[in-house]
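Remarks on the structure that follows.
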Amino acid sequence: VYRQLLPYCKKAFVTKIYKTDPDATVFFPNLDDHPDFELTECGEKLLSKKEIEYAFTVYVNKKIK
């Protein structure tokens, strides 16, 4: 569903988690690699109670005005 709706998304607010779960089978598309999206905001890396790094980010779809 995410991939199908990305072309219509003007702005994406993404919590980026810096850990890979080997048991995960589904991932949100990496907008850093998406040609239509540009990273416009990136907060500092934070640390969760379980020692997992994460950051709040904002991406803008360059094709939507």
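The values are calculated or read from the model by the stated rules, or taken from the named source; none is laboratory data. All figures in this text were calculated on a predicted structure; none of them were measured in a lab. Neighbour counts run over all protein chains shown; Cβ positions are idealised from the backbone, glycine included.
Remarks
- Considering the range 11-37, and only residues there that are of a type in the set (D, E, K, R) and surrounded by fewer than 10 Cβ atoms within 10 Å (Cβ to Cβ), the residue that is farthest from the chain's Cα centre (by Cα) turns out to be 23.
- Total residues in the range 1-40, condition assigned to a strand (DSSP E or B) and of a type outside the set (D, E, K, R): 8
- Residue in the range 38-61 that is touching a helix residue (DSSP H, G or I) at 6+ places or on another chain (Cβ under 7 Å), surrounded by 11 or more Cβ atoms within 10 Å (Cβ to Cβ) and at pLDDT below 95 present: no
- Taking the criterion of being farther than 13 Å from residue 17 by Cβ and free of Cβ contacts under 8 Å to residues at least 40 places away in the same chain, the residues of the range 44-65 that qualify are 44, 49, 62, 65.
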